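The values are calculated or read from the model by the stated rules, or taken from the named source; none is laboratory data. Because the structure is predicted, anything quoted here is derived from the model rather than measured. Cβ sites come from the backbone with ideal geometry, for glycine too, and all protein chains shown count toward neighbours.
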Amino acid sequence: MPIGNSGALHTIAYVLLSVLCAYGAGRVHQWYMHSMDRDKAFRDGYNHGYHALFRLAARRGRAAGDRHGYDERRSMR
């Protein structure tokens, strides 16, 4: 029986090829999902930084402890 006509050898080759294709597809999927997660984390971090900086700029020079309207200049009079 020649090796090229062996049904068992063909079956093993097809199974091996299927396993390798499935592994490759899984790795591509994993890479894609990782890049999407990284992109989302970047956007969330950028959003947080932007809002934190905007809040800091919106305070317009008020002191950090001046959240309740306390003004030291008025209490000294």
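Given the criteria in a loop (DSSP other than H, G, I, E, B) and at pLDDT below 80, does G4 qualify? No, not satisfied. Among the candidates D66, D39, D71, the residue that is acidic (D, E), surrounded by 10 or more Cβ atoms within 10 Å (Cβ to Cβ) and modelled with pLDDT of 80 or more is uniquely D39.
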